[in-house]
Structure formats: structure tokens, C-alpha cells
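A short worksheet on the structure shown next.
The values are calculated or read from the model by the stated rules, or taken from the named source; none is laboratory data. Since we're looking at a predicted model, the values are computed, not measured. Counting neighbours? That spans all protein chains shown, and the Cβs are built from the backbone with ideal geometry, glycine included.
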Amino acid sequence: MAVDVATADEHPVPVTGSEPTEAEKASALRERLLLARLKRRDARAFAELVRLHQDRVFDLCARMLNDREEALDVAQEVFVALHGSLSQFRGESRLSTWIFKVAKNHCLNRLKYLGRRQRGKTDELGDVPEGELAAHQSLPSPQEALLGKEQQARVQAAIAQLPEEQRLLVILRDIEGLTYDEIVQITDQPEGTVKSRLHRARTALAEILGGKEPEDGS
């Protein structure tokens, strides 16, 4: 199976938008320091990279593939690829954005691989670790937890019915909470295209769920 890592940062898109917050500046500084250690082949730095990003990479893979075992395999494949391709990262996007782009490429390649072998989507969100649809402010009651799991499974089942491109945009924007600038860099699509396709994806998702389209808070 071919995987596309080398091209993941070949055509970065300039980042535009408002001034970064102090928290964002601090995060960017930590990322630059980590990247410097990674390029020195610091083993502990790579272990830190995995620790920081493994959950979100797995979440993306699980939601794109809708199959826990495939997601585990692809997530591992992503980090193996990252380990061998850090020298190709030129720092023209955030490291986390580049990681998402590499993960996206691997997911799409795996979907093509599965499609050729007529393997369908098998698992539901119940197999995915809890807590990825939204940040938890407090621990839910057992009843609330059950209802939350049922709702997550329903949403994931609906997302899995979307075409791959629409599925990716919903995951990146509405679940992972990425900015439009980040999504532009990950998908190599102009912002206007991202927004119009995301609107269509949300409309399709709302029809599947039988509710109204979710509003974008931006």
C-alpha cells in the first residue's frame, strides 16, 4: 500500500488571520523547541511527540475509517512515517497541522485499499476511547454517560455515511475544532472551497441525523 508522507508538506499554504493569543504563542514556542529536539534525533522528544498527539491521530483515523483495528494500525503507521520524515518538515505550518496532514493521507490511502477489497465499515464509535467529541467540564452521571455514548455512536454512524471528503471536513472542523487556516493547509483547498464543502457536509449530516444543521461558532 502506498503512503504519501513526502508530499505532506510540499505545498504549505500561508497562514492568515487574526493575531495569535498569548497561549497560542506559548504553544508555538513549545512546538518549536520540541521540533529542534526531534531534528537532533532525541528519542525522548519523539516519545513526547507520540504522547502529545497519539490520541488525536487515533481519533482522526477511527472516525475516518470507522474501524478500530484499522485505525490502530494506521495510527501506528503514521508515527512510523513521521519518525522517518521529520527532516522533510520545513516549519511552514504548525507541527500539529503537519501531523494531521500526514494522518489524513494515510487514512485516505487505507480507505482506497479497503475499497479495492470491498471491505466495509465494521465498527461503531463505542470502540473508540471516550471523550473525543467534546471537552468534558465535569464527570457525568452513569445515566448521562450512557446517553452520551449513545449520542456519540449515533453521530459517528451518521458521519461514516458521508463521502470521504465531507467526512474529513466535519471531523477536522466540528470534532477536532481546527481553524480554517489549519484545514486549508491539511486539505490543500482554498478557504472558500473548504467553507462551501463543509456547509454541504453539515447539511448532509443534518439530513442523516434528522435534525437541523449545526451552527459554526466562528
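Hey, can you tell me all the residues within the stretch 151-172 that are at pLDDT below 95 and among the basic types (Lys, Arg)?
Result: 154, single match.
Name the single residue that is surrounded by the fewest Cβ atoms within 10 Å (Cβ to Cβ) among those in the stretch 23-43 being among the acidic types (Asp, Glu) and modelled with pLDDT of 85 or more. Spell out how you get there, then give the answer.
Residues of the stretch 23-43 that are among the acidic types (Asp, Glu), as a first pass: 24, 31, 42.
Right, trim to modelled with pLDDT of 85 or more and you get 31, 42.
Numbers: 31: 16, 42: 14.
Ranking the qualifying residues of the stretch 23-43, first place goes to 42.
Take residue 108 and decide whether it is modelled with pLDDT of 95 or more, farther than 24 Å from residue 45 by Cα and surrounded by fewer than 21 Cβ atoms within 10 Å (Cβ to Cβ).
Details: modelled with pLDDT of 95 or more: yes; farther than 24 Å from residue 45 by Cα: yes; surrounded by fewer than 21 Cβ atoms within 10 Å (Cβ to Cβ): yes.
It is true that residue 108 is modelled with pLDDT of 95 or more, farther than 24 Å from residue 45 by Cα and surrounded by fewer than 21 Cβ atoms within 10 Å (Cβ to Cβ).
One residue is enough: does the stretch 61-80 have a residue meeting the conditions more than 27 Å from residue 189 (Cβ to Cβ), part of a helix (DSSP H, G or I) and in contact with a Leu (Cβ under 8 Å, 6 or more places away or on another chain)?
The answer is no; no qualifying residue exists.
Looking at the stretch 33-51, which of the residues that are touching a residue at least 12 places away in the same chain (Cβ under 8 Å) and not β-branched (Val, Ile, Thr) is nearest to residue 190 (Cα to Cα)?
Ranking the candidates gives 35 first.
Return the only residue of 67, 59, 73, 123 being under 30 Å from residue 161 (Cβ atoms) and at pLDDT below 85. I'd like the intermediate steps shown before the answer.
Values: 67 fails: at pLDDT below 85; 59 fails: at pLDDT below 85; 73 fails: at pLDDT below 85.
Every option except 123 fails the conditions.
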